[in-house]
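The values are calculated or read from the model by the stated rules, or taken from the named source; none is laboratory data. Predicted model, so just to flag it, every value in this text is computed and none were measured. Don't worry about glycine lacking a Cβ; one is built from the backbone with ideal geometry, like all the others, and counts go over all protein chains shown.
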């Protein structure tokens, strides 16, 4: 079975990158995808913004994730349509390897949303004004004004104590709470699958004939 780190409750520094339409090519440019494994991609995350030269590794001091305390951020706040564009899963792999555990935005790219769930990142949808308010609170004192994301109760608690409920599909919630990917979730029903195969073999023996 494939296991990911379980997501229950996270209190962490949040980094506001409040731009709309941050697509997967911004999250990980295609030139940074030189490997087929999930490892080693975090260096290329937001490469066009993080570094001064394309393909280079000299940090741009103006980019938020190059600044303290945002280097320790485990939560991203962003504008509408985060993760739009191509379906590349490398974008989520890079974010996860860097240390991002939750992303809060008014709207996600659909495929990106699913990729987050399958790789242990909690995608949280909240209204635009709520996300902007969270960003303003965080920016005033990022080290101390941390955000709590609670998947057990499906709430986000702002630095000022305000609580905001979010919705997530039960199957997605279960995968994240249990730290299971789609294959592991299926394998939990191994007994039911084997029982079905047993009865099906009696009903349709020809299906199981070796060719």
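Only residues that are in contact with a strand residue (DSSP E or B) (Cβ under 7 Å, 6 or more places away or on another chain), farther than 12 Å from residue 28 by Cα and not in a strand (DSSP E or B) were counted in region 81-100, giving 1.
The residues of region 163-198 that are part of a loop (DSSP other than H, G, I, E, B) and at pLDDT 95 or above, listed by number, are 166, 167, 168, 169. Of all the residues in region 117-146, those that are within 16 Å of the chain's Cα centre (by Cα) and within 15 Å of residue 15 (Cβ to Cβ) number 2.
Taken over region 101-111, the criterion of being touching a strand residue (DSSP E or B) at 6+ places or on another chain (Cβ under 7 Å) and either at pLDDT below 95 or not in a loop (DSSP other than H, G, I, E, B) (or both) is satisfied by 102, 103, 104, 105, 108. Among the residues of region 48-69, is there at least one that is assigned to a loop (DSSP other than H, G, I, E, B), buried (at least 20 other Cβ atoms within 10 Å of the Cβ) and in contact (Cβ under 8 Å) with a residue 40 or more places away in the chain? No, every residue in region 48-69 fails to be assigned to a loop (DSSP other than H, G, I, E, B), buried (at least 20 other Cβ atoms within 10 Å of the Cβ) and in contact (Cβ under 8 Å) with a residue 40 or more places away in the chain. Within region 151-164, can you find the residues that are within 17 Å of the chain's Cα centre (by Cα) and crowded, with 18+ Cβ neighbours inside 10 Å? Within region 151-164, 151, 156 meet the criteria.
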